[in-house]
Amino acid sequence: MKNLYDCHVHLNMAQFDHFRDTLIEECSRSLDFCINVGYDEKSSEESLLLAFKYPFIRAAAGLHPSYASQSEPRLMDRISAFLLEDEVVALGEIGLDYYWMKDPPDIQKKIFADQMEIAAHHKKPVIIHDRESHEDTIEILKAFKGRVRGVLHSFSGDRKMADTVLDMGYYLSFSGPVTFQNKKNIPFREMISSLPPDKILIETDSPYLAPVPFRGKTNTPLNVSYVAGELSSLLKMDLQEFLALSRAGACDLFGF
């Protein structure tokens, strides 16, 4: 399948320990590229090492909100240093998570803003994690409007939020949940169908969020084809036409 890619994976995670090499080899034949996304210091370093080893993998480095309490000047300096590497195409994943709420909102917001400032300094895009924190996420993105752009990964907001972030130049990325056809998901799928297709990116968030028909199992980047197929169907577009448009958007954002 031409123009297939995955803009958000975690191939460094333990779920892949027993078949990582064979999976990556298969991914290299099926995907144009994928972005391995860090969430703390160790995973950011592992992402960079994967990118050094495999030419089709690129890396992102950052501190996920669930690890906000780990932040210290030394770590922020390390993340800033990661961004100097050619293989690191974004700062992420960063943002807010009020579902798990492992740290208070004030701490999460400070670390989020600190990393947005780093991204602005390095002129790197950001990969945003936003879970049940829509209003505060928008507030921080607005504070950096015109200075930082990026993608809201596994987007879960409504149309109003989508319009707000699109107007700020952000992309929206979707993963396995777009394939869930339960009643609760109908409004979400209807919202997607009216979005501008040139602002939609595809991802798996592997090993999480496996699409139908693999829901509940370990997800892999190879399943991004199911996400792409569902999105093209919702948008009433030819699959290859959608993939060409989406890949062009990813390349524009991440500087490929």
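With respect to (1) farther than 25 Å from E117 by Cα; (2) outside any helix (DSSP H, G or I), the lone exception for S154 is condition (1).
Report yes if R78 is in contact (Cβ under 8 Å) with a residue 24 or more places away in the chain and either under 30 Å from L243 (Cβ atoms) or surrounded by 15 or more Cβ atoms within 10 Å (Cβ to Cβ) (or both), otherwise no. Criteria met by R78. Looking at G229, G249, just one residue is under 15 Å from R189 (Cβ atoms), touching a helix residue (DSSP H, G or I) at 6+ places or on another chain (Cβ under 9 Å) and not in a loop (DSSP other than H, G, I, E, B), and that residue is G229. Scanning the stretch 198-218 for any residue that is under 17 Å from the mean Cα position of the chain (by Cα), part of a helix (DSSP H, G or I) and surrounded by 14 or more Cβ atoms within 10 Å (Cβ to Cβ) turns up at least one such residue.
Using the structure shown, decide if R147 is surrounded by 16 or more Cβ atoms within 10 Å (Cβ to Cβ) and of a type in the set (K, R). No. When the stretch 157-175 is filtered for residues that are under 14 Å from F188 (Cβ atoms) and in a helix (DSSP H, G or I), the ones remaining, listed by number, are R159, K160, M161, A162. Each residue in the stretch 119-151 was checked for being under 24 Å from E41 (Cα atoms), in contact with a Gly (Cβ under 9 Å, 6 or more places away or on another chain) and assigned to a helix (DSSP H, G or I), and 4 of them qualify.
Of all the residues that make up the stretch 24-42, how many are more than 19 Å from S246 (Cβ to Cβ), over 14 Å from the mean Cα position of the chain (by Cα) and either crowded, with 23+ Cβ neighbours inside 10 Å or not polar (S, T, N, Q) (or both)? Adding up the residues that qualify gives 7. Here the helices (runs of 4 or more DSSP H) wholly within the stretch 1-110 that include at least 1 residues being under 23 Å from G255 (Cα atoms), aromatic (F, W, Y) and at pLDDT 95 or above are 41-53, 73-82.
Go through E139, E135 for me and flag whichever is touching a Lys or Arg at 6+ places or on another chain (Cβ under 9 Å) and farther than 18 Å from L235 by Cβ. None of the others qualify; the one that does is E139.
Here A90 fulfils each of the conditions (1) of a type in the set (G, A, S); (2) surrounded by fewer than 16 Cβ atoms within 10 Å (Cβ to Cβ); (3) under 18 Å from R147 (Cβ atoms) apart from (2). Among (1) closer than 25 Å to P187 by Cβ; (2) in contact with a strand residue (DSSP E or B) (Cβ under 7 Å, 6 or more places away or on another chain); (3) among the acidic types (D, E), there is one condition E135 misses while meeting the rest; what is its number? So E135 meets the others, but not (2). Could you say whether any residue in the stretch 187-194 is crowded, with 17+ Cβ neighbours inside 10 Å and either of a type in the set (S, T, N, Q) or not in a helix (DSSP H, G or I) (or both)? Within the stretch 187-194, none of the residues are crowded, with 17+ Cβ neighbours inside 10 Å and either of a type in the set (S, T, N, Q) or not in a helix (DSSP H, G or I) (or both).
What single numbered condition from (1) under 20 Å from I127 (Cα atoms); (2) surrounded by 18 or more Cβ atoms within 10 Å (Cβ to Cβ); (3) not acidic (D, E) fails to hold for F256? Condition not satisfied by F256: (2).
Suppose the filter is of a type in the set (K, R) and either within 17 Å of L91 (Cβ to Cβ) or crowded, with 24+ Cβ neighbours inside 10 Å (or both); does K142 pass it? For K142, the condition - of a type in the set (K, R) and either within 17 Å of L91 (Cβ to Cβ) or crowded, with 24+ Cβ neighbours inside 10 Å (or both) - is not met.
The values are calculated or read from the model by the stated rules, or taken from the named source; none is laboratory data. Keep in mind that this is a model prediction, so the values were computed, not measured. Don't worry about glycine lacking a Cβ; one is built from the backbone with ideal geometry, like all the others, and counts go over all protein chains shown.
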